[in-house]
Amino acid sequence: MNFKLHVWRQKNAAAKGRMEQYEARDINGDMSFLEMLDVVNEDLVEKGIDPIHFDHDCREGICGACSLVINGLPHGGMTGTTCEVRMRLFKDGSTIYIEPFRAKAFPVIKDLTVDRTSIDRVMQAGGFVSTHTGAATDANAILIPKDKAEEAMDAAACIGCGACVAACKNASGMLFVAAKVSQLALLPQGQAERERRVNKMVAQMDIEGFGNCTNYFECEAVCPKDISVKFIAKMNREYMRALVK
Amino acid sequence: MKLDSKVPSGPLEQKWQKHQFEMKLVNPANKRKYSAIVVGTGLAGASAAASLAELGYEVKAFCFQDSSRRAHSISAQGGINAAKNYQNDGDSVYRLFYDTIKGGDFRSREANTYRLAEVSNNIIDQCAAQGVPFAREYGGTLANRSFGGAQVSRTFYARGQTGQQLLLGAYSALMRQVGLGKVKMYPRTEMQDVVLIDGHAKGIVVRDMVTGEISSHAADAVVLATGGYGRVFYLSTMGLGCNVTAAYRAYKKGALFANPCFTQIHPTCIPHTGDYQCKLTLMSESLRNDGRIWVPGAKDEQRAPGQIPENERDYYLERKYPSFGNLAPRDISSRSAKEACDDGRGIGPSRYGVYLDFSDAINRLGKDVIKERYGNLFEMYELINDENPYEVPMRIYPASHYTMGGLWVDYNLMSNIPGLHVIGEANFSDHGANRLGASALMQGLADGYFVLPYTIGDYFVREGAKNISTDRPEFREAEEAVTMRIKKLLDVGGKQTPDSFHKRLGQIMWEKAGMARNEKGLKEALQEIPALREEFWNDVNVLGSADEMNMNVERAARVADFLEFAEIFCLDALDREESCGAHFREEYQTEEGEAVRNDKKYAYVAAWEHKGVGQKPELHKEDLQFESVQLATRSYK
Ligand SMILES: Cc1cc2nc3c(=O)[nH]c(=O)nc-3n(C[C@H](O)[C@H](O)[C@H](O)COP(=O)(O)OP(=O)(O)OC[C@H]3O[C@@H](n4cnc5c(N)ncnc54)[C@H](O)[C@@H]3O)c2cc1C
Ligand code: FES
């Protein structure tokens, strides 16, 4: 298969970026999207052109590093992450547009690489249970019904890629934050800090420049881990609960 | 050099407690005077950094990903072991210890392995307290499964994402400490060298991967938690950034590298199909609980799997190992797959693949049960291979997965360089020649939460707080050396990409130092590797400049280290004239093809000391003392 690529190139955070055109030739349908880019990059390097920089590591949909907007949608709007997208899903000969995740809270560092440390700072504000090493009781002393544990796991499955933010018109981080808040609010371990956590995480989200949620729910549609927007509703309830407390 | 393992005296069961009591404690008021650098924030590094900060030490943590949450540990699927005996099936600390030491083919240090089993239960408690959503039973207690051939159910899990959930637990503890100002976190920062002052590790030199800036950090101790070197084979199940650089640079500064040839090849990965591939995806080992592994009985079989009648199939694991069957340990399963393929009976386009067939299980249990158990994995397989494993058997083949070898450490997890501690997959200590499934997560967290935080305090008190400044000449020299090396890479101005060299190195290693090794192959590899290295330094093409985000520089620098490291790997494999665990020397096998260990000559840890690039490193031996267990022949028949 062959493709025409339009790729966002930007030398560094300060530079102005622009779309550049490249050819991807002799691509095999079993290749992942990133393997296709690897092939293009090997080619570019041989021609003396700086390869296209993008974040990636695990290449199997779990680390949350890969973060491309493909044809206007984070992770191409397909099942899974960018690294899981396979080339057989594209029409031979088609043109593919590749851009970075864009959001005020995710400034571009170079090409398709963005700075997502804002996500870490939201976690620092309250995305944890304050327990120190060695203080734990026997794990079976905390009984958690299977369905509660499963629901908490549904929320905990978030990989922190930021696709929800990139998909949202308001660049809101609600789905990501809601997933963490809900996971811990569902579990007995998270109760002691329940109100404090949601207040602090929401406050930090605002400081980082994430937008508000106005219920477009584009986030859920692109989430590679199918995190449900019901967690946003849950977080709103948690937030209200914390306000009245 | 005399290697002192510092294993405490006394009965095995009491060593750790006794040692904990005998170690010196840092006065609480003094803790903030001590500082530690933790390189790596996987399970080992994140848990260590958070725990050290909780104790009151000043901590700086580093990782090369854009966030500490993305370390390679995140991809672990199957689970984590602990000797809780929640299932009442006869498990105990001693049994977990014994299984681990036997699984490692009696090439690990008894006291370390015992301690690992001993603290395993605390890990589960700790992670549960953090809110890790482990799988539960209806009654609310924790669920377990049997994993990796264990005969008790001691594996705890969170769906197929155990590593992710454990790492996010450790990461949340770490983020809490960052928020409290007790840890300073440096993501996108790659360690380039360790700095020694008066023989002690007192700092590191790093490269900022966004700006290219080279800078130094000083502390009272340095902890390497930088993971394994499985990508020396190029193709592996590991994250693409995994590398040997941190450990190798420490080796060049005098740290001993132990058992580098002990590497695990995982039996159930998606086979290699094309040259474009840079990683092989692991299909969880749990699939072997219900899948049956087979190849055609005849060579060069052309028929589709469904067309091959039952009596023309060879379920080779069931045939050779009737009692363990498809659950035979990883090394044995991997080697058997290779044998079948070398014999011309492999399947798939490359003919290096075997079938993992679920049709019997589907007939017996129904498709729904199989879907409930492995639905995610089946989807993942279909996405990658465009084949539906409910209908067509999966194709799998072994791939490089884990490295038991690593920097030599004593019982305190300190290398032979005082102050330089090594934890997690980066050290060599607990798994011997082969690691059991679900034991790496356990070891990373044991080291980080429950061992290092104690032992490092002892080192601190013995040495006192030094408050070292990075203005010292040792730092200037190291920075200069790092800068020069990067400049040298950029100046080669050759034609071939760093990746193309990595691929070629991987091929040599896979063919000559992979699942089976022999003297002839290893000697050839030892000729080919230096030649490839020379070619690299004459013809590598590293574009761009040093003072920007530059993936060419990052990759080239890592490949350059692999090109040196591969040589000690092969030397180690050549030196060890026996077959043990994952190290299979073809010369040392029984008539049936089983490994022949040589305890008289090789019951030692091989620890290599750097003597210059291209020079033969010096071998130091730590004799393994077994006080409690009897060395037995591993048999899974
Ligand atoms: C696909 C897969 C599945 C697995 N499943 C299981 C399982 O089910 N159960 C089990 O027990 N084990 C499993 N393992 C093994 C286990 O995941 C690893 O052994 C373990 O997670 C390693 O943890 P670690 O903390 O030592 O290192 P890693 O998680 O590899 O972390 C290394 C850290 O070091 C940093 N780093 C490395 N070099 C540098 C440098 N030069 N400068 C700065 N930072 C650096 C990285 O950024 C990273 O933060 C699996 C492994 C794989 C590949
Ligand atoms: S590279 Fe890890 S999720 Fe894509």
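The values are calculated or read from the model by the stated rules, or taken from the named source; none is laboratory data. Worth saying up front: this structure is predicted, and the values here are computed from it rather than measured. Glycine also receives a Cβ, built like all others from the backbone with ideal geometry; neighbour counts cover every protein chain displayed. Accessible surface is based on the protein model in full, side chains and every heavy atom, while ligands, DNA and RNA are left aside. Shrake-Rupley method; radii C 1.70, N 1.55, O 1.52, S 1.80 Å.
Laid out as a table, the results:
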item	result
Flag if B:Gly544 is open to solvent by less than 60 Å² (accessible area, probe 1.4 Å) and either modelled with pLDDT under 95 or not in a helix (DSSP H, G or I) (or both)	yes
Complete set of residues in segment B:236-253 that are more than 16 Å from ligand 2 (Cβ to nearest atom), out of contact with any Pro (no Cβ under 9 Å at 6 or more places or on another chain) and over 15 Å from B:Gly424 (Cβ atoms)	B:Thr245, B:Tyr248, B:Arg249, B:Lys252, B:Lys253
Of the criteria (1) closer than 22 Å to B:Ser500 by Cβ; (2) open to solvent by 10 Å² or more (accessible area, probe 1.4 Å); (3) part of a helix (DSSP H, G or I), which one B:Leu574 fails	(1)
Qualifying position, being within 16 Å of ligand 2 (Cβ to nearest atom) and touching a residue at least 24 places away in the same chain (Cβ under 8 Å), among A:Ile109, A:Ile52, A:Ile96	A:Ile52
Residue among B:Cys261, B:Cys269, B:Cys278 that is within 12 Å of ligand 1 (Cβ to nearest atom) and in contact (Cβ under 8 Å) with a residue 40 or more places away in the chain	B:Cys269
Count - residues of segment B:178-216 that are away from ligand 1 (no atom under 15 Å from the Cβ), under 18 Å from B:Phe460 (Cβ atoms) and in contact (Cβ under 8 Å) with a residue 24 or more places away in the chain	6
Candidate set from segment B:217-234 (those that are more than 30 Å from B:Gly514 (Cβ to Cβ) and within 14 Å of ligand 1 (Cβ to nearest atom)); member that is farthest from the other protein chains (Cβ to nearest Cβ)	B:Val222
Out of B:Asp99, B:Asp125, sole residue that is under 23 Å from B:Trp16 (Cα atoms), in contact (Cβ under 8 Å) with a residue 12 or more places away in the chain and open to solvent by 10 Å² or more (accessible area, probe 1.4 Å)	B:Asp99
Residues being farther than 27 Å from B:Asp547 by Cα, more than 16 Å from ligand 1 (Cβ to nearest atom) and in a loop (DSSP other than H, G, I, E, B) - total across segment A:38-77	2
Per-region count, segment A:60-79, residues more than 6 Å from ligand 2 (Cβ to nearest atom) and open to solvent by 10 Å² or more (accessible area, probe 1.4 Å)	9
Residue in segment A:81-88 that is within 16 Å of ligand 1 (Cβ to nearest atom), open to solvent by less than 20 Å² (accessible area, probe 1.4 Å) and either closer than 16 Å to A:Cys164 by Cβ or in a loop (DSSP other than H, G, I, E, B) (or both) present	yes
Only listed residue being of a type outside the set (D, E, K, R), over 18 Å from the mean Cα position of the chain (by Cα) and away from chain A (no Cβ under 14 Å), chosen from B:Gly274, B:Gly254	B:Gly254
Segment B:27-49: number of residues that are surrounded by fewer than 19 Cβ atoms within 10 Å (Cβ to Cβ) and within 18 Å of B:Met414 (Cα to Cα)	0
Leading residue by the ranking (least open to solvent (accessible area, probe 1.4 Å)) among those in segment B:136-155 that are more than 8 Å from chain A (Cβ to nearest Cβ) and either outside any loop (DSSP other than H, G, I, E, B) or within 16 Å of ligand 2 (Cβ to nearest atom) (or both)	B:Thr155
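Listed here are the residues, each with its yes/no results for (1) part of a helix (DSSP H, G or I); (2) open to solvent by 10 Å² or more (accessible area, probe 1.4 Å); (3) in contact with a Pro (Cβ under 8 Å, 6 or more places away or on another chain); (4) not β-branched (Val, Ile, Thr).
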| position | (1), (2), (3), (4) |
| --- | --- |
| B:Trp510 | yes, yes, no, yes |
| B:Leu522 | yes, no, no, yes |
| B:Arg533 | yes, yes, no, yes |
| B:Glu548 | no, yes, no, yes |
